[in-house]
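Before I ask anything, let me first share the structure, which is written out below as structure tokens.
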Amino acid sequence: MLRQLAGGAASQNRLRSTAELQRRLAGSRVVPPHSEYRFRGSIERGRRQYAARNMLTAAGLTAAVGGIYFYSLYAVKQEDYSDIEMPAMPSEEEKAAFSKSR
């Protein structure tokens, strides 16, 4: 495909640099350069009317997610876990029996 775009094997020898090949490829619109990528004017005009609504939606979703996150942190911080019994620390004999079983 590169040979076809460059003009065949004979003319490929005439290419002086890769920059010339890139210019030819960009001219054929097979590989559009990243810096030239733009929306067409009609698409930009169509999107403009939704910009404020999209920003408000993004702000609302961010506030909802942030509120849920901080509320859950606040609720967990208040919990003192006093209703859960803590197991007793193992005795030296239990520790020794555990280390022998490994």
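Given 0.36 nm per residue, what is the gain on full extension from E20 to Q78 after removing their alpha carbon distance, in nm?
Working it through step by step, the gained length comes to 14.1 nm.
Right, another one. Give, in nm to one decimal, the length gained when the segment between S101 and F39 is fully stretched (0.36 nm per residue of separation minus the Cα-Cα distance). Intermediate values should be presented prior to the final figure.
Values: separation 62, 0.36 × 62 = 22.32 nm, distance 6.91 nm.
Difference between extended and current length: 15.4 nm.
Readers should treat all values here as calculations from the given coordinates under stated rules, not as data from a laboratory. These numbers come from a predicted model, not from an experiment.
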